[in-house]
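Working notes, beginning with the structure itself.
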Amino acid sequence: MIALPVPDPAVLARRGEILAALRTIVPGGARGEGVIGDPIRLKPYETDGLSAYRQPPLAVVLPETTEQVAAVLRYCYQNNIRIVPRGAGTSLSGGALPLEDGVVIGLMRMNRILEVDYADRFAVVQAGVTNIGITQAVAGENFFYAPDPSSQLACMIGGNVMMNSGGAHCLKYGVTANNLLGVKLVTIEGEVIDIGGTHLDSAGYDWLGLITGSEGQLGIVTEVTVRILRAAEGARAMLGAFRSNEVAGQVVDAIIASGIIPVALEFMDRPAIHACEAFAHAGYPLDAEAMLIIEVEGNAAEQDFLLGKLKEICARFDPISLRVAETAEESLAIWKGRKGAFGAVGRISPDYLCMDGTIPTGELPNVLRRMGEMSDSYGLKVANIFHAGDGNLHPLIMFDANDPESFRKAEAFGADILKLCVEVGGCLTGEHGVGVEKRDLMPVQFTEQELDQQRRIKSAFDPGWLLNPAKVFPLAGNPALSR
Amino acid sequence: MQTSFSPEQLKDPDTRESNTILRTCVHCGFCTATCPTFVLLGDELDSPRGRIYLIKDMLEGGKPATPEVVKHVDRCLSCLSCMTTCPSGVNYMHLVDHARTYIEQTYTRPWPERMLRRALGLLLPYPGRFRLALRAAMLARPLRGLVPGESMLAQRLRAMLSLAPAALPDAGHAPAPKVHRAEGARRGRVALLTGCAQTVLAPSINAATIRLLTRMGVEVVVAEGQGCCGALNHHMGQHDPAMALAAANIDAWTREMAGEGLDAIVVNASGCGTTVKDYGFMFRETPRAAQAAAVAGLARDVSEVLLQFGYEPAREAPGITVAYHAACSLQHGQKITGVPKQLLSRAGFTLREPAEGHLCCGSAGTYNLMQPAIAGQLRERKLENLRRTGATVVASGNIGCLTQLGGAGGMPVVHTVELLDWMAGGPRPEALPSAPEQKIVESMAG
Amino acid sequence: MSGLLCPADEAGVVEAVRAASADRAPLAVEGNGTKRASLRPVQAARGLSTRALAGITLYKPQEMVLSARAGTPIPEIEAALAERGQMLIGEPPDFSALMGTTAPATLGGIVGANLTGPRRIFASGATRDHVLGVRAVTGHAEVVRSGGRVHKDVTGLDLRKLLAGSHGTLGILTEITLKVLPRAETQATLAIAVDSLAQGVAVLSAGLGSPFGVTGAALLPEGDAEHGLSGPTALLRLEDFFEFLPHRSSALRALLERFGTLRVLEAEASAALWRAVRDAAPLGPVGEEEAVWRLSVRPQAGPAVAAALRDAFGARLLLDWGGGLVWTAGPATAAAHEAVMRAAREAHGTFTLFRAPDALRASVAVLPEEPAPLAAIAARVKAAMDPAGVLNPGRMRAGA
């Protein structure tokens, strides 16, 4: 189990009083109670998308307005109570792992779309709107919200902002930060601040950029203004099946070198192909060692032109098969498999840890080979699914959570993979965030000086380290520990 | 996901099954987004993942169910939208069925609820009793506004009186055990589950089914001894009555299979179809295991059979726009999504699909009686989405949805089979407006 | 200010900051000093330029990554990229004419001010979004790195973004790694004569709301004599493969013809026109007693802002970014500045006093005021990065 800060006995002792106070702030209503405090019902909140780590919180609060969020934060600030923000609870890095003495603020009830403007191409939504909910709201006008993390069906925009989420299409459209115009930020003191707006590039410090990806360390975002884009005339995906991971890695290199930037360039290895095909029935090549999903955009002629060039490139690498989706349904099925990939691995293994390191794309064959060696030496299987175009790996280490030894090995294997990513010039996390999972690996990527600098920025927003304090930074040197 | 059951606990087949299901779940949370109650209530506890966690804790603990758990499991519609979404293939249906049984066995509900559930379990599956009860409810229907208070009991009473129809079709249509001969050369032989509540509320559905199939050269048997499929009791956790009803069906159809033989067991209420197709699992630890599996293997939704025997319309396209409402039991429970739409298009209707088609209308068996507030919100949401399609009529494949969406919506709601039968030469469904906007040319083609 | 330090390496920068801290002798941080006339005048004991930290340190075309020291001139980087058919995504402007200087901007200057050209309106984001990693020396005289050389890195707090656009007040950028992209094979511009700025923004919105991948959307209130464009003209740029442009341009043309007379400018003319827009050249020569402001508002608010500024001081104007980036030049007076601040406030947008004589720059808020809670955080962040206040003090705000 991961180490968490020692709970504050004073806070634990005041549990009843705290619950009562929170209930007056968030009384709840037609959608149910505003505060959950009984142990049975706190249990399902003890974890998120990384279920290996678990800790029931002191309380869960489900506010419905920014004012309620502000009042809860003000109360917690005045009473020295730690806070863990939570969106849909889909974090793969344990970003929403609660604390025993901490209040979870769940934003799931803040799920309204507040404004859509097609002429100025933005949407204002509450933090609890799902990522795909934004696209669905504007799809009627052929617009979309570009970043598309695999969990886009469920994950919420507030969480996307906090993790600076990416997705399969950020090769062309960028990550969350590229697509934000503004946020409503509630500070730990309970102040509500509008950052940015409906315009591009506010003058002054780039607060929006700093808050994006800050993993709940600096404040809680309750509203988000995103750019919406007009969808391309069309898109088509191609599946390329190859004889080895290395060859597929070389194809990726060759594509990028050709000057064609597909809108998406995704990689799956054999175990991943099989698990995903069982879920999506997309016609994935079951005889391949590695598969690439390559998607291009444009009208039919442009798609043909680009796919023609891409086929030529693939053909140089002795592909087992190359298949272009002929219908919208086929494309949908291809993406359904890719987007459900992590869950689909649940079909071949009871549990997995999903890594998220990024490497220079040129290192792909090398890293895949070394990961294979590690897999052998740990005796744990690994399925590889990743955004090949930008080098963002998602090795899924399969283990059995009912076997503690297997879990320990999986953790060590994961750490080794991430260290390897840093060693070859990459980083610990490309889009899932540090969370609690990679917290203790931070010194692998940063010097103590660099971590101190980040901690000072955190302190500037949250002097008492009440906001999500056990995440991102190693516990040693974390002021929240030294209470 | 990690579980902690003792070897002793795992000796129980249901617990063993649930453990396997729980191990499949990786807690990714995709299911939350498509769960109707999570969308409405915004609480993890009212999502599939939250319920799975509550159930896991309850089963692992081995102690009697607690009111906290019961509340959230009861709020589950069993619409199985989560199963369509789940990438890991978690069989939520079997897990929640186990939980409901476990709750019924270990938890004592407040007496009004206990009485209500027992009454529903004793009335709904039996057409005679249900008809009598409905007549009483119809008499009391005008009084529904007088039921005071906002207690759950008051809400449920009002909901029940509201769902009672203003008029009841006469009983003559309920098909008795009989063999309905195929017209022309016999191309197949099927048994029809005539159902329980449906025969009382909308006998026209069975009539249309029989007409349509026999016209297509399929002999339709209403087997002696078949009755309610058991789903209503099953979903209330009433294990024994559910098994008894199902056993009667299995026996009835096994006799037919052993006799003249069956090509399919046709179910035209998809809620029932989901359960009949699950008989193999339900009876897996009983002496009827083999027969139940055989029956389940032959069970088909009526749309599947119509496609199999090559449904073709006989009338000219009616120029009517139909909004297809996918019943959860059909789209999520049985994973049948394209077939009914394909048939309606083939019949010449212009097809529209509502937004949020994956969300339940709130019917969900007895759910609209037990959870009227949530069911009402889902109904309004569904009706709004259906209205936005601009269609003239709504088609669906499940009696529960028909009852839930009929009446106040302003749009007639009919069974898919009634529309298909009409286009194949049967009578125009009574629920259709007598003078629709579009001109209808009724002439026999070919 | 006495003397200009030009450290030749990062260690030299560290040493300079350490000395400045010890002596409580603030540094005026710059690259080539092209933006000395921008924002507030810095009260510093000495200048520190990164111009000697020059040169490309890593370029991997097949990985679309380039690293260079902060003092590397932008044209040097662009030339290296052009050799391999690639480009800087942010289309960095060359403001030497606008600012009355001759030296080219440095990479550190462009990133430190987060300046992005016309392509900002496209999906790809601002210059800060293409910064994959930085090295910087903070006021603690320590080197910090944020990000690195890979395309996606969300590890830890994003100091890259905080440093980009902080105008040297939080740290001195020493090396920057950028994402780069293949350069489009060709480009073309549709120029549509419009009746009014409002109609012009409607044209730009229609173009940007089309599926044809518009990468530039600007509005020239006075047209462009050199390219034969008279009166208010809306410009929409397409950049792509040779094979794609005929279809895209005719489809866009069909969409926009209803708005007014339309002309297509082919590759070279198009490129020249967008260079001018990028560099705010259509504002014309800026006199010594004049000022230049840059406002960013939602595009639909652009015409009203422009009208208000015209009414207030007869502003010369240029609208980019779909109409939302309003460049304006006019008399360097407090009254004109007041009009700019009011226009930005009423449009819920932002402004920068981009160029002005020292007297005006020293006496007004050159950037919008921040709400009190944010200003308090800003002060703490400044203290967290530069406790002794030695980095460009007062550059962005008085006393900060």
*Hey, how many Å between the Cα centroid of region A:358-414 and the Cα centroid of region B:362-423?*
49 Å
*asked:* Given axes a ≥ b ≥ c from the Cα gyration tensor, I'd like to know whether region C:186-278 is rounded (a/c under 1.5), prolate (a/b larger than b/c) or oblate.
replied: oblate
*asked:* With +1 on the Cβ of every Lys and Arg and -1 on the Cβ of every Asp and Glu, and nothing else charged, how large is the dipole of chain A about its Cα centre, in debye rounded to the nearest 20?
replied: 820 debye
*Translational D in µm²/s for region A:378-483 (Stokes-Einstein at 20 °C, 1.002 mPa s, Kirkwood Rh from C-alpha pairs)*: 139 µm²/s
*asked:* As I understand it, the value is the acute angle between the Cα axis of helix A:15-25 and the longest principal axis of the Cα atoms of chain A; what does it come to in degrees, rounded to 10?
replied: 80 degrees
*Dipole of region C:1-106, Cα-centred, from +1 at each Lys and Arg C-beta and -1 at each Asp and Glu C-beta, to the nearest 20 debye?*
400 debye
_Cα-based convex hull volume of region A:318-465 per residue, rounded to whole Å³_ = 168 Å³
*Using the C-alpha atoms of region A:349-423, what convex hull volume per residue, in cubic angstrom, is computed?*
69 Å³
*Putting +1 on Lys and Arg Cβ atoms and -1 on Asp and Glu Cβ atoms, find which of A:P474, A:G426, A:H387 reaches farthest to the positive end of the dipole of region A:349-483.*
A:P474
*Would you order B:F130, B:F281 from fewest to most other beta-carbon atoms within 10 Å of each residue's own beta-carbon?*
B:F281, B:F130
*For region A:249-262, take each phi angle, set θ = phi - 60°, evaluate the Karplus expression 6.51 cos²θ - 1.76 cosθ + 1.60, and give the result in whole Hz per residue in order, putting x for glycine and proline.*
x, 5, 4, 4, 4, 5, 5, 4, 5, 6, x, 8, 10, x
*In peptide A:341-351, how many Cβ atoms from other protein chains are near each Cβ within 10 Å, on average?*
6
*Tell me what the protein assembly as shown gives for mean residue ellipticity at 222 nm when only DSSP H runs of n ≥ 4 count, each as -39,500 (n - 2.57), the sum divided by the residue total, rounded to 500 deg cm²/dmol.*
-11000 deg cm²/dmol
*Could you tell me the largest-minus-smallest coordinate of the C-alpha atoms of chain B on each of the three principal axes, in descending order and whole angstroms?*
67, 53, 42
*asked:* Positive end of the dipole of the protein assembly as shown, charges at C-beta (+1 Lys, Arg; -1 Asp, Glu), about the Cα centre: which of B:G145, C:S38, B:H98 has its Cα farthest in that direction?
replied: B:G145
*0 to 90° range, to nearest 10: angle between helix C:197-208 axis and chain C longest Cα axis*: 90 degrees
*asked:* Rounded, prolate or oblate, given the Cα gyration tensor of region B:9-106, with a/c below 1.5 counting as rounded?
replied: oblate
*If you plug each phi of region B:189-198 into the Karplus form 6.51 cos²θ - 1.76 cosθ + 1.60 with θ = phi - 60°, what whole-Hz ³J(HN,Hα) values come out, in order, with x for Gly and Pro?*
9, 10, 9, 10, 7, 7, x, 10, 4, 4
_Rel. contact order, % - alpha carbon contacts under 8 angstrom, at least six apart, chain A_ = 15 percent
*asked:* For Cα pairs less than 8 Å apart in space and 6+ apart in sequence, what is the mean separation divided by the residue count of chain C, i.e. the relative contact order in percent?
replied: 19 percent
*Mind listing the Cα extents of region B:311-423 along all three principal axes, in Å, largest one first?*
43, 28, 21
*Among the DSSP beta bridges whose two residues both lie in the protein assembly as shown, what percent are antiparallel, rounded to the nearest 5?*
75 percent
_Eigenvalues of the Cα gyration tensor times 5, then square-rooted: what semi-axes does that give for the protein assembly as shown, in whole angstrom, largest first?_
59, 35, 30
*Can you give the % of DSSP beta bridges in chain C that are antiparallel, to the nearest 5?*
90 percent
*Lys/Arg +1, Asp/Glu -1 at C-beta; the protein assembly as shown dipole; positive extreme among B:G42, C:A379, A:S93*: B:G42
*In sequence order, what are the phi-derived ³J(HN,Hα) couplings for region B:78-94 according to the Karplus relation 6.51 cos²θ - 1.76 cosθ + 1.60 with θ = phi - 60°, rounded to whole Hz, with x for glycine and proline?*
6, 6, 6, 4, 4, 6, 5, 6, 4, x, 8, x, 6, 8, 4, 4, 5
*Cα→Cβ-extended label distance, 7 Å offset, between A:S377 and C:A11, nm*: 3.5 nm
*Among A:D304, C:D129, which comes first, second and so on when ranked by fewest other beta-carbon atoms within 10 Å?*
A:D304, C:D129
*Which order results if C:V14, C:V305 are arranged by neighbouring Cβ count within 10 Å, fewest first?*
C:V14, C:V305
*Computed over the Cα atoms, what is the radius of gyration of region B:126-273 divided by 2.2 N^0.38 Å, N being its residue count?*
1.23
*What is the spread of the Cα atoms of region C:281-363 along each of their three principal axes, largest first, in whole Å?*
33, 25, 19
*Taking the Cα centre of region B:9-106 as origin and charging only Cβ (+1 Lys, Arg; -1 Asp, Glu), how large is the dipole, in debye to the nearest 20?*
160 debye
*Would you mind telling me the antiparallel percentage of the DSSP bridges in chain B, rounded to 5?*
15 percent
*Could you please state, rounded to a whole Å, how far the C-alpha centre of region A:291-312 is from the C-alpha centre of region C:226-279?*
26 Å
*Using alpha carbon centroids, what distance separates region B:1-37 and region C:352-388, in Å?*
56 Å
*Would you mind giving the mean number of other chain beta-carbons within 10 Å of the Cβ of each residue in C:222-229, as a whole number?*
0
*Take the cross-link list A:K184/C:K179; A:K438/C:K161; A:K336/A:K419; B:K71/B:K277; A:K381/A:K419; A:K184/A:K458 and give me the ones stretching past 24 Å between alpha-carbons.*
A:K184/C:K179; A:K336/A:K419; B:K71/B:K277
*Counting other Cβ atoms within 10 Å, keep those with at most 11, restrict to DSSP loop, and tell me which trypsin sites (Lys or Arg not before Pro) in region C:1-76 are left.*
C:R24
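Since every read-out is calculated from the coordinates, none of them should be taken as a lab result. Model, not experiment: these values are computed from the prediction. Backbone-built Cβ (ideal geometry, glycine too); neighbour counts: all protein chains shown.
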